[in-house]
Amino acid sequence: MRKLTEEETKKIIDAARRSYAMDSMIEIDSEAELSIGENAHGSVDGCYVQAWVWVNFEDAGITERKNDDNT
């Protein structure tokens with residue numbers, strides 16, 4: 001498969017934002033990485049889009065966190 005053009009990449013990222021982004025929960029950068037892959041039938045008809053997902057420490061079972069400069 002040929003490489004995606006800048007316009008195609010932008011369209012894919014825009015579509016991912018419209019379908020999946022949720023303010024402060026799921027963020028998709030304008031320079032997100034894309035991974036083109038085949039579906040179960042061997043056809044190339046889409047791609048994975050890199051996204052950031054927010055996870056609260058409390059949801060992860062972390063109740064105490066030292067407030068320092070380390071992340």
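The values are calculated or read from the model by the stated rules, or taken from the named source; none is laboratory data. Keep in mind it's a predicted model, so treat the numbers as computed, not measured. No Cβ is skipped: glycine too gets one built from the backbone with ideal geometry, and neighbour counts run over all protein chains shown. Areas reflect the complete protein model, heavy atoms only, side chains present, ligands, DNA and RNA absent. Shrake-Rupley method; radii C 1.70, N 1.55, O 1.52, S 1.80 Å.
Averaged over its residues, the chain has an accessible area of 93 Å² per residue, based on protein heavy atoms and a 1.4 Å probe.
Near G46, the amide H atoms lying under 5 Å from its own belong to G37; only residues 5 or more places off or on other chains count, and H is placed 1.01 Å from N. For K66, the aspartates and glutamates whose Cα falls under 15 Å of its own Cα, not counting residues fewer than eight places away in the same chain, are E58.
Work out the length of the dipole vector of the chain about its Cα centre, built from +1 on the beta-carbon of each Lys and Arg and -1 on the beta-carbon of each Asp and Glu, and round it to the nearest 20 debye. Numbers along the way, then the final one.
Numbers: 8 positive and 16 negative charges, 57 e Å.
Dipole of the chain, to the nearest 20 debye: 280 debye.
Whole-Hz ³J(HN,Hα) for each residue in region 8-23, computed from phi via Karplus 6.51 cos²θ - 1.76 cosθ + 1.60 with θ = phi - 60°, x for glycine and proline: what do you get? Residue by residue, region 8-23 yields 5, 4, 4, 4, 5, 5, 4, 5, 4, 4, 4, 7, 10, 5, 9, 3 Hz.
Restricting the chain to trypsin sites (Lys or Arg not before Pro) that sit in a DSSP loop and have at most 11 other Cβ atoms within 10 Å of their own Cβ leaves R2, K3, R65, K66.
Calculated from the structure at hand, Kirkwood radius over Cα pairs in Å is found among [x] 14.7; [y] 15.3; [z] 16.4 as [x]. Comparing E27, E58, E38 in a Gaussian network model of the chain (Cα springs below 10 Å), the most mobile by mean-square fluctuation is E58.
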